[in-house]
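Novice: Structure provided below as structure tokens; questions to follow.
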Amino acid sequence: MFRRARAVSVGLCAVALAALNVLPAHAHARSGPAWEIRDTGSTARFRGLSAVSRGTAWAAGSAGTVLRTLDGGRSWQDVSPPGAGDLLFRDIEAFDARRAVVLAIGEGEASRIFRTQDGGATWTETFRNTDPRAFYDCVTFFDPGHGLAVSDPVDGKYRILSTRDGGRSWTVLPSEGMPAALDGEASFAASGQCLVSAGSHDVWLATGGGATARVLHSGDRGLTWSATGTPVPAGDPAKGVFALAFRDGDPRHGIAVGGDYRADQASPDAAAVSRDGGATWTASPQPPQAYRSGVSWLAQYPHGRSAAVAVGPTGSDLTTDGGLTWRTFDTGSYDTVDCAPDGGCWAAGELGRIARLEFPR
């Protein structure tokens, strides 16, 4: 029941989005940041995104589509795995212009992982889920060798998949160190950001659907976990934390965004912040005004290291104080956002839309 509801959530309402498409893609003040759309030539919906730099980015989406740019979005290569047209790619992790790992979601064998080491010229399927109870949502990497993927709860606990060889092989981790899931709890495959890492060992998992929207944290690459409640709206299959961001170099600082994905429902308190590595969460005093599905820290910003961007189907918001206050700077529809260490920040969403963030000169 919940998985069916989640499938609707990550697809959203086609009628509502059709209406959103008429909104200006750059409804912003010229004095602030602005998304500049890069023509992809695709109609896929991209919820998986990996920003390598200002010049290089990968996107993964519906109909088994994977795109790559090496020139800042002026041109895009379709590097989709052959025969993957029936798959829904929802997360991609790229290490550089040639190496990437992409995750397909779904029940049973629909959940798969592919890997390329030649820029998408060839792909190898390195994992196919054979448990009909499992549904994988997100993947993250600590470094080019070590990574994790997460499935919704199986036998009452989240299932964690681990790799030590860059995604060439995967192993299900023991569940003894995983807290019990709440009734109805699961994760959202909405932006590839329900499982995120920072540093060499820390990883966080976002949840929704249960009585409380929680964040689970592991400091040992997924072997043991602790769970903490957040003030983000919960108590319904459509509500919860949809995306997390923790700052590399200082993983004490975290941001959670989400809310209620339904277009006809308000999403108050749709953002929260942590200053202790996810041990406690506080509601943002001035959160985004609507549901947000993706969030990323800005590595380089004119006003310092406390800037981040959140995106969703009704717009994009900027914070310059670490997630406490947010202001909308764009009303276009985006599902996910990712920012690279060199300051290159990308967003992606429906109808092949991919954009790069630009700042006034």
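Novice: Go through the range 198-214 and give me each residue that's small (Gly, Ala, Ser) and within 16 Å of the chain's Cα centre (by Cα).
Specialist: Within the range 198-214, 198, 206, 208 meet the criteria.
Novice: Is it the case that residue 245 is within 20 Å of the chain's Cα centre (by Cα) and assigned to a loop (DSSP other than H, G, I, E, B)?
Specialist: Here the answer is no, as residue 245 does not meet what is asked.
Novice: Here are 312, 343: which of them is of a type in the set (Gly, Ala, Ser), under 24 Å from residue 93 (Cα atoms) and modelled with pLDDT of 95 or more?
Specialist: 312
Novice: Just to be sure I understand, how many residues within the range 309-329 are closer than 18 Å to residue 259 by Cα and either assigned to a strand (DSSP E or B) or without any contact (Cβ under 8 Å) to a residue 40 or more places away in the chain (or both)?
Specialist: 12
Novice: Can you name the condition, by its number, that residue 77 falls short on among (1) touching a His at 6+ places or on another chain (Cβ under 9 Å); (2) more than 22 Å from residue 193 (Cα to Cα)?
Specialist: Evaluating residue 77 over (1) touching a His at 6+ places or on another chain (Cβ under 9 Å); (2) more than 22 Å from residue 193 (Cα to Cα) leaves (1) as the failure.
Novice: Okay, moving on. For the range 298-308, state whether one or more residues are part of a loop (DSSP other than H, G, I, E, B), hydrophobic (A, V, I, L, M, F, W, C) and farther than 21 Å from residue 53 by Cβ.
Specialist: Among the residues of the range 298-308, not one is part of a loop (DSSP other than H, G, I, E, B), hydrophobic (A, V, I, L, M, F, W, C) and farther than 21 Å from residue 53 by Cβ, which makes the answer no.
Novice: Additional query: Yes or no: residue 332 on the phi > 0 side of the Ramachandran plot and assigned to a loop (DSSP other than H, G, I, E, B)?
Specialist: no
Novice: Separate question: For the range 56-120, please list each of the strands (runs of 3 or more DSSP E) lying entirely inside it that holds at least 3 residues being charged (D, E, K, R) and within 27 Å of residue 342 (Cβ to Cβ).
Specialist: Qualifying strands (runs of 3 or more DSSP E): 88-94.
Novice: Select from the range 254-303 the residues that are within 12 Å of residue 319 (Cβ to Cβ) and modelled with pLDDT under 95 and write down the one among them that is nearest to the chain's Cα centre (by Cα).
Specialist: Ranking the qualifying residues of the range 254-303, first place goes to 298.
Novice: Which numbered condition trips up residue 33, out of (1) more than 18 Å from the chain's Cα centre (by Cα); (2) modelled with pLDDT under 95; (3) more than 21 Å from residue 341 (Cα to Cα); (4) not basic (Lys, Arg)?
Specialist: Result: residue 33 passes all but (3).
Novice: Applying the selection to the range 142-169, what residues are of a type in the set (A, V, I, L, M, F, W, C) and surrounded by fewer than 20 Cβ atoms within 10 Å (Cβ to Cβ)?
Specialist: Passing the criteria: 142, 154.
Novice: Taking the range 86-108 on its own, how many of its residues are among the charged types (D, E, K, R) and over 14 Å from the mean Cα position of the chain (by Cα)?
Specialist: Adding up the residues that qualify gives 5.
Novice: Also, I was wondering about something else. Would you confirm, using the coordinates I've provided, whether residue 221 is in contact with a Lys or Arg (Cβ under 8 Å, 6 or more places away or on another chain), farther than 30 Å from residue 349 by Cβ and either assigned to a loop (DSSP other than H, G, I, E, B) or at pLDDT below 95 (or both)?
Specialist: no
Novice: Could you identify the single residue in 68, 115, 47 that is in contact (Cβ under 8 Å) with a residue 60 or more places away in the chain and within 20 Å of the chain's Cα centre (by Cα)?
Specialist: Step by step, each of 68, 115, 47 is checked, and only 47 is in contact (Cβ under 8 Å) with a residue 60 or more places away in the chain and within 20 Å of the chain's Cα centre (by Cα).
Novice: Here are the criteria: (1) basic (Lys, Arg); (2) within 22 Å of residue 61 (Cα to Cα); (3) surrounded by fewer than 24 Cβ atoms within 10 Å (Cβ to Cβ). Tell me which single one residue 361 does not satisfy.
Specialist: Going through (1) basic (Lys, Arg); (2) within 22 Å of residue 61 (Cα to Cα); (3) surrounded by fewer than 24 Cβ atoms within 10 Å (Cβ to Cβ) one by one, residue 361 breaks only (2).
Novice: Here's a check for you: in the range 106-134, which residue that is of a type in the set (A, V, I, L, M, F, W, C) and touching a Ser or Thr at 6+ places or on another chain (Cβ under 6 Å) is surrounded by the fewest Cβ atoms within 10 Å (Cβ to Cβ)?
Specialist: Here the residue is 134.
Novice: Here is a follow-up. Give the number of residues within the range 164-189 that are touching a residue at least 60 places away in the same chain (Cβ under 8 Å) and either of a type outside the set (Gly, Ala, Ser) or over 14 Å from residue 205 (Cα atoms) (or both).
Specialist: Going through the range 164-189 one residue at a time, the tally reaches 4.
Novice: Still on this structure, please answer the following. Select from the range 54-70 the residues that are surrounded by fewer than 22 Cβ atoms within 10 Å (Cβ to Cβ) and either at positive phi or of a type outside the set (Ser, Thr, Tyr) (or both) and list them in ascending order.
Specialist: The answer is 54, 55, 63, 64, 70.
Novice: Here's another thing I want to ask about it. Could you tell me which residue of the range 88-105 is surrounded by the fewest Cβ atoms within 10 Å (Cβ to Cβ), considering only residues that are among the basic types (Lys, Arg) and farther than 18 Å from residue 335 by Cα?
Specialist: 98
Novice: Which pairs do you get when a residue that is at positive phi and among the polar types (S, T, N, Q), found in the range 196-224, comes within reach of a residue that is surrounded by 22 or more Cβ atoms within 10 Å (Cβ to Cβ) and modelled with pLDDT of 95 or more, reach meaning Cβ atoms under 8 angstrom, with the pair 6+ apart or on two chains?
Specialist: none
The values are calculated or read from the model by the stated rules, or taken from the named source; none is laboratory data. The structure presented is a predicted model; accordingly, all values stated were derived computationally and were not measured. So basically every Cβ, Gly included, is an ideal-geometry build from the backbone, and we count neighbours across all protein chains shown.
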